[in-house]
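Contents: one structure, followed by commentary.
The values are calculated or read from the model by the stated rules, or taken from the named source; none is laboratory data. Just so it is clear, the structure is predicted and the values come from calculations on it, not from any experiment. Reconstructed Cβ throughout: ideal geometry from the backbone, glycine too, with neighbour counts over all protein chains shown.
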Amino acid sequence: MDKSWLKNIYIDYQNLVYRIAVSIIKDTQLAEDIVQEVFITFYYKGADIRDKNKLKPWLVRTTVNRAIDFSRRFQKVVILPGDYFEQHETNSWSDPTREAEVLGISIGTVKTRLRRARLSMKKHLLQEKQAGNANLSSDEGVSRHE
């Protein structure tokens, strides 16, 4: 099976796809991965594109979608420098009195605020649970076969 058509399309559109990917993702290596994925997708689905005038818009839309997918996937990753924890030997979370000193409030105030926050969370979670139970009980009377 002759795949020279794919090579020609790749040569014609690789720079466009790459530029779009870089403009969205702001990372050249990830943009190269996106280009590869777009053309692999095109390899499998390109035959479905009957009108050759729709080829460029299809490549552009597929590239934008893949770049957005990549940005969402990698946006959640937080990269810390290798010596991050060495730089922060004294962990401020382990000493609440130090934090109270920084905030300029007493330790009693900190304890009170934490207690109020826990009670507020408990109240909110109980309301959510009751609302969930109410929805379940109202659905019990409905038959799924109707």
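Could you say whether any residue in segment 84-92 is at pLDDT 85 or above and in contact with a helix residue (DSSP H, G or I) (Cβ under 7 Å, 6 or more places away or on another chain)? No - not one qualifying residue is present in segment 84-92.
When the residues of segment 11-35 are narrowed to those that are under 15 Å from Asp69 (Cβ atoms) and over 19 Å from the mean Cα position of the chain (by Cα), which ends up surrounded by the most Cβ atoms within 10 Å (Cβ to Cβ)? My answer is Val17. Checking each residue in segment 38-68 for being surrounded by fewer than 18 Cβ atoms within 10 Å (Cβ to Cβ), modelled with pLDDT of 85 or more and charged (D, E, K, R) picks out Lys56, Arg61.
In summary, Lys7 fulfils each of the numbered conditions (1) at pLDDT below 90; (2) buried (at least 18 other Cβ atoms within 10 Å of the Cβ) with the single exception of condition (2).
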